[in-house]
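Participant: Sharing a structure, written as structure tokens. Questions coming.
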Amino acid sequence: MEEIDLCWRLRLSGRKVFYNGAVEVYHLNGGTLPSSSPLKTFLNFRNNLLMLYKNHSKTDFLGVFAVRLLFDLAAGVHFVLTEGWSHGQAVVKAYFDFFKKRKSVQRTLPLASKLTKDVQEKKVCSIVLSYYLGGKRSYEEL
């Protein structure tokens, strides 16, 4: 999640993030742990929660967290049914660990006055909903 966090912090500080379609990047996608590892599931969920907490205001985080909790509950049930009990447990453990670690996270304060107009105008409620329910497959379609 480091690359997402970096882009998010850059945008919050008033900088722009660009995409260059001519560049090819090969990403190993967490090469140290196999996707079948419950530890990988745990780290993905916990680190994503910490990133959301770090980069949202307290008020915005509460709204995002409420929706996220519902999606993660569904994901946990899906994991139990498809990957086994240990992956479902990993989601629950991720939440407990998030609550322990969140106070040690230095929050990024949004600098709304520094954001450029195009950053402020492009609001996406949920990439998950846009992708699965809205059929949006690229940033341009959002």
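Participant: Pick out the one residue from Leu28, Leu62, Leu33, Leu49 that is out of contact with any strand residue (DSSP E or B) (no Cβ under 8 Å at 6 or more places or on another chain) and modelled with pLDDT of 95 or more. Can you show your working first?
Facilitator: Details: Leu28 fails: modelled with pLDDT of 95 or more; Leu62 fails: modelled with pLDDT of 95 or more; Leu33 fails: modelled with pLDDT of 95 or more.
On inspection, the qualifying residue turns out to be Leu49.
Participant: In addition: For the stretch 1-16, give me each residue that is in a loop (DSSP other than H, G, I, E, B), exposed (fewer than 13 other Cβ atoms within 10 Å of the Cβ) and at pLDDT below 85.
Facilitator: Answer for the stretch 1-16, where residues must be in a loop (DSSP other than H, G, I, E, B), exposed (fewer than 13 other Cβ atoms within 10 Å of the Cβ) and at pLDDT below 85: there is none.
Participant: Yes or no: the stretch 65-72 includes at least one residue that is assigned to a helix (DSSP H, G or I), modelled with pLDDT of 95 or more and of a type in the set (Lys, Arg).
Facilitator: No, that holds for no residue.
Participant: Against the conditions (1) loosely packed, with under 13 Cβ neighbours inside 10 Å; (2) in a helix (DSSP H, G or I); (3) at pLDDT 65 or above, where does Glu140 fall short? Just the number, please.
Facilitator: That leaves (3) as the condition not met.
Participant: Restricting the first residue to the stretch 1-15 and requiring it to be in contact (Cβ under 8 Å) with a residue 24 or more places away in the chain, which pairs with a second residue that is loosely packed, with under 12 Cβ neighbours inside 10 Å meet a Cβ separation below 8 Å and a spacing of at least six or different chains?
Facilitator: Here the result reads Arg11/Val17; Leu12/Leu109; Leu12/Leu111; Ser13/Leu111; Gly14/Leu111; Gly14/Thr116, each pair linking the stretch 1-15 to a residue that is loosely packed, with under 12 Cβ neighbours inside 10 Å.
Participant: Check whether at least one residue in the stretch 33-41 is over 19 Å from Met1 (Cα atoms) and either in contact with a Cys (Cβ under 6 Å, 6 or more places away or on another chain) or surrounded by fewer than 17 Cβ atoms within 10 Å (Cβ to Cβ) (or both), and report yes or no.
Facilitator: Filtering the stretch 33-41 down to residues over 19 Å from Met1 (Cα atoms) leaves none.
For the stretch 33-41, residues over 19 Å from Met1 (Cα atoms) and either in contact with a Cys (Cβ under 6 Å, 6 or more places away or on another chain) or surrounded by fewer than 17 Cβ atoms within 10 Å (Cβ to Cβ) (or both): absent.
The values are calculated or read from the model by the stated rules, or taken from the named source; none is laboratory data. Quick caveat, the model's predicted, so the values are computed rather than measured. Glycine gets a Cβ as well: all are built from the backbone with ideal geometry, and neighbour counts include every protein chain shown.
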